[in-house]
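Right, one structure below, let's go through it.
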Amino acid sequence: MSSIISIENISKKYKNQFALKDVNIEIEKKDIYGLIGKNGAGKSTLLKSLVGMISPTNGKISVQGSHNDYTLALSRKNIGFFIDHSMYPYMNAYENLIYRCKALGITDAKKEVSRVLDLLKMSGIKKNVKTFSMGMKQRLEIAGALLGYPDIIILDEPLNGLDPEGIFDLKNLILDINRNYDTTFIISSHILSELEVLSNKFSFLHEGLLIETLTKEELKKKCQQQLLIKTNDTKRTTVILEEKLNTKNYTINAKSEILLSDYVDMPHLVADALYANGLHLYQLTPYSITLEEFFLKMIGGIQNA
């Protein structure tokens, strides 16, 4: 399948510091693509480069097959995005979106604004944006990104400030739009548990570098990469693991449980070895780490390398 967005060797340098360095990403139509990284990792720089808010120092960006300045500018009109807060504080939600529609060249602006306000449950709100809560401002910016049925929607930290109901509603809205209109989403978020549910692909950024890209299935396998072992004698168990199964690839948690990274697909061999050496096996189960734990473990390994 051809990519709807192609990012080739993108770098962005500010003075002597790289915000991005040699980043390569391919995003296919209908992906919900999750960008993961700490503050300062380069996520917002990458998203701003995609929509043309900043220009990369070098590299190439293609959107829907377009990469020269003129055709890329035309293709970028098919991108709806929320990266920075951009609504006018002394206008209400409806007025802001009507103004946005005019800038986008949307003809039936009143109908379109009513549609997106209904989607974000903001119809009938008359007060000015300056009085909005953080969550309401987020919802309005997301409504702006949805105007005109864009082929691609980019959302930078869209869950910030939303209450649990708002997060639930937004997740379902993204999934519905993706399913019903084949819309491609690119989303960055620090709420990794929600991003894990939404996305089908993930890229991990750290200090401007792309350190790994995984599908949802690949991530699931990597997060289910250990066996949790609990016996009547933790120290004796580690001796058996090392002497009988020839592995030291384990850690011991605060509960004196052993997390074994080998033999994940062959737990019966572990059980046999422990039983044969007189241990009482209380628990031998697959252990899954969260996306957040996986990410922290990944960047921890890089920092310690």
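The values are calculated or read from the model by the stated rules, or taken from the named source; none is laboratory data. All values derive from a computational prediction rather than experimental measurement. Here the Cβ is made from the backbone with ideal geometry for all residues, glycine too, and neighbour counts use every protein chain on show.
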Every residue from the range 6-42 that is over 16 Å from the mean Cα position of the chain (by Cα) and closer than 17 Å to Ser75 by Cβ: Ser6, Ile7, Glu8, Ile10, Lys29
Output yes when any residue across the range 79-90 is part of a helix (DSSP H, G or I), crowded, with 20+ Cβ neighbours inside 10 Å and at pLDDT 95 or above, and no when none is. no
Taking the range 119-136 and the residues there that are in a loop (DSSP other than H, G, I, E, B) and aliphatic (A, V, I, L, M), the one that is farthest from Glu165 (Cα to Cα) would be Ile125
For Tyr99, only one of the following conditions fails: (1) outside any helix (DSSP H, G or I); (2) surrounded by fewer than 17 Cβ atoms within 10 Å (Cβ to Cβ). What is its number? (1)
Cβ-Cβ under 9 Å, sequence separation 6+ or interchain: first residue in the range 273-284 and closer than 15 Å to Glu243 by Cβ, partner polar (S, T, N, Q) and not in a helix (DSSP H, G or I). Which pairs? Leu274/Thr231; Leu279/Thr231; Leu279/Asn232
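Residues checked against (1) surrounded by 15 or more Cβ atoms within 10 Å (Cβ to Cβ); (2) free of Cβ contacts under 8 Å to residues at least 12 places away in the same chain; (3) acidic (Asp, Glu):
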site	(1), (2), (3)
Ile27	yes, no, no
Tyr33	yes, no, no
Gly37	yes, no, no
Leu50	yes, no, no
Met53	no, no, no
Val63	yes, no, no
Asn68	no, yes, no
Ala73	no, no, no
Filter result for the condition that a residue is within 19 Å of Leu296 (Cα to Cα), surrounded by fewer than 20 Cβ atoms within 10 Å (Cβ to Cβ) and assigned by TED's automatic domain parsing to the domain that holds Gly65, over Glu207, Glu196, Glu165: Glu207
